[in-house]
Structures are given as structure tokens and as C-alpha cells.
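Asks: For reference, the structure I am asking about is given below.
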Amino acid sequence: MPDDLTVRTRDTLVLSLDETLIRVRFGHLLLRTVGEWDELSAALTRAYEDEDDHLIERLSGPLLQSWRGVPAEVLANTFNRARITVTRASHPWGIAVFSVPGLKCEPLLCSVEDSEAGSEVHVADRPRLLDFDSVMASYAQCLERLLSPTREGSRVLVPCSSVSTTNPGGAQAS
């Protein structure tokens, strides 16, 4: 049976994770509604299907900038309070690299199968973009791993996705 201190510490971590996840979702919804996020991803997916390079270029920039801007600007204080460091995305479809001492992860805007080559994937490789709720699930997996009291996978950069929490072929030592 865990002692009183362990229970309180564990409860504090769970609350911190829950609060962080709520703020992440809210921060992105300040910028666009769920429908607007999903429509932008769907429009970009159609542009890839139609091989419309002009439209791909026109849509991919705003999509990436929007997703990447929220953790760097809107949620900076939230991540600081959670003691999570936020750095520039390393994957072409990554949002940001989130880290705590000994562990890093990166939620992606595309399916994890599209990232098996890691950072060697090019934007023109037609990623299968995720909808808003799937991206939020990717965030949750990443943040849960970082804020968990029993962190596994120490010292590994792992792309996150709602499809899989690990990517052995794409994992990179940090």
C-alpha cells in the first residue's frame, strides 16, 4: 500500500496532466473551432489528392504555423508551469518537441505510419493528416508520457500519434 506522500504526489501529477490537457485544447480552440481545424486539414488532404502544388503551398503554411504557434506563444506559460520545455518541431508535420529531463516526444499532425522515416519524410510525400480530435489524442499521449511518474522510454524522441504511442523505426536517440 502506498504511503500518504505517494498518493498525494500521484494525485498532484494527474491533476497537473488534466489541467495541462484542458489548456492545450482550449489554447487551440482560441485560434480556430474544431470544424475550422478539420476543414483546413481536409482541404489540404484534397489538395494532395489532386496534386495541386499551389494549393498545397497555400494551405500547408497556415496549418503548420497555426498548430506550431499555439504551444510556442499561447501556451508558453502553461508548459512552463508543467515544467515542460517546448522547442521547434523536428518532423515536417510535428507540432513541437516537448521535453522533460530525460524524455522527449513530438505530437504529429499526420498518421504515425507516415512518419516511419522520421525527419526524412518530405512534405510532398502526401501525409494522412489527422482531424482535430486525433491531434489532441496525440498531444495527450505525449504529455501523459512526459508527466507520468513512471516515465518509460527515457532519452528517446518518439513521434506521437493517436494510432500508436511508439515508433521503433523512427525513434531517435537524443
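The values are calculated or read from the model by the stated rules, or taken from the named source; none is laboratory data. Note that this is a predicted model, so its numbers are computed, not measured. Glycine also receives a Cβ, built like all others from the backbone with ideal geometry; neighbour counts cover every protein chain displayed. Just the protein is used for accessible areas: all its heavy atoms, side chains included, with ligands, DNA and RNA removed. Shrake-Rupley method; radii C 1.70, N 1.55, O 1.52, S 1.80 Å.
Asks: Scan R46, R58, R68, R83 and give me the residue that is outside any helix (DSSP H, G or I) and of a type in the set (K, R).
Replies: R83
Asks: Suppose we filter segment 65-114 for residues that are open to solvent by 50 Å² or more (accessible area, probe 1.4 Å), within 16 Å of L31 (Cβ to Cβ) and in contact with a strand residue (DSSP E or B) (Cβ under 7 Å, 6 or more places away or on another chain); how many remain?
Replies: Residues that pass the stated criteria total 1.
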